[in-house]
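Nothing in this text is a laboratory measurement; each read-out follows from the coordinates by a stated rule. Computed from a prediction, not measured in an experiment: that's the story for all the values here. Heads up, the Cβs are rebuilt from the backbone with ideal geometry, glycines too, and the neighbour counts pull from every protein chain shown.
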Amino acid sequence: MAGYNLKEVMNKPERLAPGHRMCAGCGATIGVRAVLRALHEGDYAVIGNATGCLEVSTYMYPYTAWEDSYIHNAFENAGATLSGVETAYKALKKRGKLPADANFKFITFGGDGGTYDIGFQSLSGAMERGHDMVYVCYDNGAYMNTGIQRSSATPMYADTTTTPVGSQSNGKMQNRKDLASIIADHDVPYVAQTTLTKDFKDIHLKSEKAIYTEGASFLNLMTPCPRGWRYETADIMRICQLAVETCYWPLFEVDHGKWTLNYEPKKKLPIEDFLREQGRFKHLFKPGNEDLIAQFQAEVDRRWEDLQYKCAR
Amino acid sequence: MRTDVNTINEKTPHEDLTEGLMMFAQATSKNFNTGEWRTNTPVFCAEKCKQCLLCAPVCPDSAIPVKDSKRSDFDYDHCKGCGICVKACPFGAIEMREGQ
Amino acid sequence: MSKKDRMSGNEAVAYAIRQINPDVMPAFPITPSTEIPQMVSTYIANGEMDTEFIPVESEHSSMSAAIGAEAAGARSLTATSSAGLALMWEELLLAASNRMPLVLALVNRTLSGPININCDHSDSMGARDTGWIQIYAENNQEAYDNFIQAYPIAEDKRVHLPVMICQDGFITSHAVENILLEEDAAVKEFVGEYNPEEFLLNPGKPIAVGPYSISSYAMEARYNQELAMENSKEVILEVAKKFKEKFGRGFELFEEYRTEDADYIMLIMGSAAGTAKQAVDDLREKGMKVGVLKLRVFRPFPAEEIAMALKNCKAVAIMDRTESYNGHGGPLASEVTAGLYRSKVMIETVCYTYGLAGRDFTVETAYEIFDELKDVAENGKKVKQHRYIGLRSKERS
């Protein structure tokens, strides 16, 4: 990966305006800003959005935070809605109803609720049909907008409001769904998993590739939620770093079927380092729960090995 | 017809609201002051800043303006005081102070 | 010049879609409307039209994509029936609240359960309060004519609401009848070009669609929707007038068939109106003064106009092809009687539920109903105000 200079990239005009109502320290808008910075200057964009924190906070009438055209329709249909927008672009271009030099890109954002769960069918359909668009899941691992309920993106043993830790419960019983692999199995041209890293190079290059690869692309973007994960807002970059260094959240891409690992930690950190920072895993550190952490570690290891195998082919 | 956000508020009669509550405008949220939410405030120390810009992309509120590869002071109308930038700065050029 | 042909209701609507050649059509198949997207796809495959067709994975997505396309500035439509309409229910509300002038070709079919593919109006009646204009056809000709009028109504600045063009499943959608088709150029000219003022794909003029709204704005927005619905009445009539001037076939909010001096009127919607008219002709032969009020436009609801049309008769049979499960009557029963009361037209009414899930509605049934109305008005016969017709029962009806 080359051709990235943070200081140049930061000169680009901001495409997400301030004044939105996301919580202080929200990871989602950091991610959205990074994705939008990958748009080339002069290109127009239509932004889609599934119902969720990002939507209710960035377009609360009459205040839109978006510099580009924006459409929110409902919770479960961001994929289908943007399919319609992208197809309209094709139709209007074909019929000469848009200026020939007006170049539009289509990016939709959905949380893990709107993407992994309720909007999964709509996403799958849009990907399979191959619309020229990017679907970005800002994955914060639970339904944060409604108050931290578990989703299929929630990691095992997380304490959420529908998998509360109690005398009979250690939190969520199931492992998280590997959505990036599932979308890669749709055989779309480009799928990548990324998060917020120090210089934002990984997310920038992947966003640029996703936006400028013809056809359907998918980005799975981990954006921590300080409320749901229970950490100090200032610590977000450290949390993301630990997710990568423990291989909980590996950075990889699948470009036209070719799997590539974009970062391999020199020394894979134990999963405790990631879990310890977050209140939602506090119970795992009580005496007697060592086996739960061991199980968590085993699952991380298994997935990491599987990913390495895919990337070695 | 383009929408002037200043003509819409909670007293606006129904006739003057936009059709379908669409906004024929962009980035009107700039008019909404989220700086009021702040309980702690980051303070920029220009003399310590090396202009590495690692603070600029981590802001969830686009409140660190960058021009010609240089950051300037915070947009306090919108900074919510989360403190992410303080930890992102390798040079101690941002300090967190209590209060607004 | 009109051209005589023979075709089914689905063919007629697909033919109109080809003539209008809208920009985008997402659709998902469901009996009995499946033929419409099939035929459109075939026209496209053969180069007879160049609408962008999106073969979506569900009806929720077809309406979602239609809203996206329409917001983007494209003239859009979809087609569905029954459970398909039920699945897109949430999106029907959004199409209307976002003020999207898109069109839905609805082929009426009953809702489950039990699952059944035949006609009644439970699908569109279930969607009656979603903010859509609803126009019903008696036959294939009307389905064709109504469809051609749909975009001029929806896209009028006074309206900007979605329009549902309804025809009865199988009875109209699949039965082949004679039809007059208009020339492509004439239809295109009548419908006109779609040039929205603001849209997502307007370069350099971004817009935002679908906000979160605090309660300070949401109620005003709903009222604006209601006003647009009220405005649509005059637009529907204006468009009908222009249609008559151009193509010769006239339409109103409802059709009054031999009602002028009628003592007994059957108020009915959709294909069964044809049966009712036959019964009226037969009974008129025998000297009974009867008529039919065939409702064409259910949304907006012409309550006062209906009351005025009924005010001189002795009794009216209000015919619902759906059930409201309220122990009181179907949607037509409720709305017509409320309209009569408001206009202080105190005639006898009997509310009948008929034809559910494809149950036949026959001329003989219509005779019975008119006889009963007469019995009620002249002899003071006491009947249940809400009753089923054509139902097997141990009780004599």
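Over chain A, what is the relative contact order in whole percent, taking alpha-carbon pairs under 8 Å and six or more residues apart?
16
List, in order, the whole-Hz ³J(HN,Hα) value for each residue of region C:254-262 obtained from phi through the Karplus relation with A = 6.51, B = -1.76, C = 1.60 and θ = phi - 60°; use x for Gly and Pro.
After applying 6.51 cos²θ - 1.76 cosθ + 1.60, I find 8, 9, 9, 10, 6, 9, 3, 10, 6 Hz.
Could you work out the relative contact order of region A:114-247? I mean the mean sequence separation of Cα pairs under 8 Å and 6+ apart, divided by the number of residues, in percent.
In percent, rounded to a whole number, it is 27.
Please rank A:Glu299, C:Glu70, C:Glu197, fewest neighbouring Cβ atoms within 10 Å first, as an exposure proxy.
Sorted ascending by nearby Cβ count, the order is C:Glu197, A:Glu299, C:Glu70.
Can you list the aspartates and glutamates whose alpha carbon is less than 13 Å from that of C:Lys4, not counting same-chain residues fewer than 8 positions off?
Partners found: C:Glu177, C:Glu182, C:Glu183.
Would you work out the charge dipole size for region A:169-239 about its Cα centre, treating the Cβ of every Lys and Arg as +1 and the Cβ of every Asp and Glu as -1, and quote it to the nearest 20 debye?
That gives region A:169-239 a dipole magnitude of about 380 debye.
Regarding the protein assembly as shown, what whole-number volume in Å³ per residue does the convex hull of its Cα atoms give?
188
Rank C:Lys381, C:Lys205, C:Lys233 by mean-square fluctuation in a GNM of chain C with C-alpha springs under 10 angstrom and give only the top-ranked residue.
Comparing C:Lys381, C:Lys205, C:Lys233 in a Gaussian network model of chain C, the most mobile one is C:Lys205.
For region A:203-313, what D do you get in µm² per second when you plug the Kirkwood radius from alpha-carbon pairs into Stokes-Einstein at 4 °C and 1.567 mPa s?
For the chosen part, D equals 83 µm²/s.
Please find the FRET efficiency linking B:Gln100 to C:Lys344, where r is the Cβ-Cβ separation and R0 is fixed at 56 Å, and quote it to the nearest 0.05.
0.30
Near C:Lys381, which lysines are there with a Cα under 16 Å away, not counting those fewer than 8 places off in the same chain?
C:Lys314
Given that compact globular proteins tend to follow 2.2 N^0.38 Å, what is the ratio of the alpha-carbon Rg of chain C to that value?
Here the Cα radius of gyration is 0.98 times the empirical estimate.
Peptides C:114-124, A:133-143, C:364-374, C:222-232: what's the order by average Cβ count within 10 Å, highest mean first?
Packing proxy ranking, top to bottom: A:133-143, C:114-124, C:364-374, C:222-232.
Taking a virtual spin label 7 Å from the Cα of A:Asn103 along the C-beta vector, which residues in region A:3-25 bring their backbone nitrogen under 20 Å of it?
Within reach of a label on A:Asn103, which here means backbone N under 20 Å from a point 7 Å along Cα→Cβ, region A:3-25 contributes A:3-5, A:8-16.
Which whole number gives the average, over all residues in A:32-40, of C-beta atoms from other chains lying within 10 Å of the residue C-beta?
1
In what order do B:Val43, C:Val235, A:Val56 fall by count of nearby beta-carbon atoms within 10 Å, going from fewest to most?
Least crowded to most crowded, the residues run B:Val43, A:Val56, C:Val235.
What percent does the relative contact order of chain B come to when contacts are Cα pairs within less than 8 Å and at least six residues apart?
RCO, chain B: 33 percent.
Could you tell me which of rounded, prolate or oblate describes region B:44-100, using a ≥ b ≥ c as the square roots of the eigenvalues of the alpha-carbon gyration tensor, with rounded for a/c under 1.5 and, failing that, prolate when a/b is larger than b/c and oblate otherwise?
Taking the square roots of the gyration eigenvalues as a ≥ b ≥ c, region B:44-100 is oblate.
Given a cut-off of 26 Å, name the pairs among B:Lys80/C:Lys205; A:Lys12/A:Lys209; A:Lys97/B:Lys67 whose C-alpha atoms lie farther apart than that in the structure shown.
B:Lys80/C:Lys205; A:Lys97/B:Lys67
Cα centroid distance between region A:186-239 and region C:322-397, in Å?
The distance from the Cα centre of region A:186-239 to that of region C:322-397 comes to 62 Å.
Sequence neighbours fewer than 8 away in the same chain don't count; with that in mind, list the lysines whose C-alpha is under 20 Å from A:Lys282.
Straight-line reach from A:Lys282, under 20 Å: A:Lys172.
Among A:Val254, A:Tyr309, A:Gly147, pick out the residue whose Cα is farthest towards the positive end of the charge dipole of region A:6-312, where Lys and Arg carry +1 and Asp and Glu carry -1 on C-beta, about the Cα centre.
Checked the options; the winner is A:Gly147.
Can you tell me the Rg and the Dmax, both Å, for the Cα atoms in region C:305-397?
Here Rg and the maximum Cα pair distance are 13.2, 39 Å.
Go through A:Lys268/B:Lys50; A:Lys94/C:Lys188; C:Lys289/C:Lys382 and tell me which ones have a Cα-Cα distance over 27 Å in this structure.
In this structure, A:Lys268/B:Lys50 lie more than 27 Å apart at Cα.
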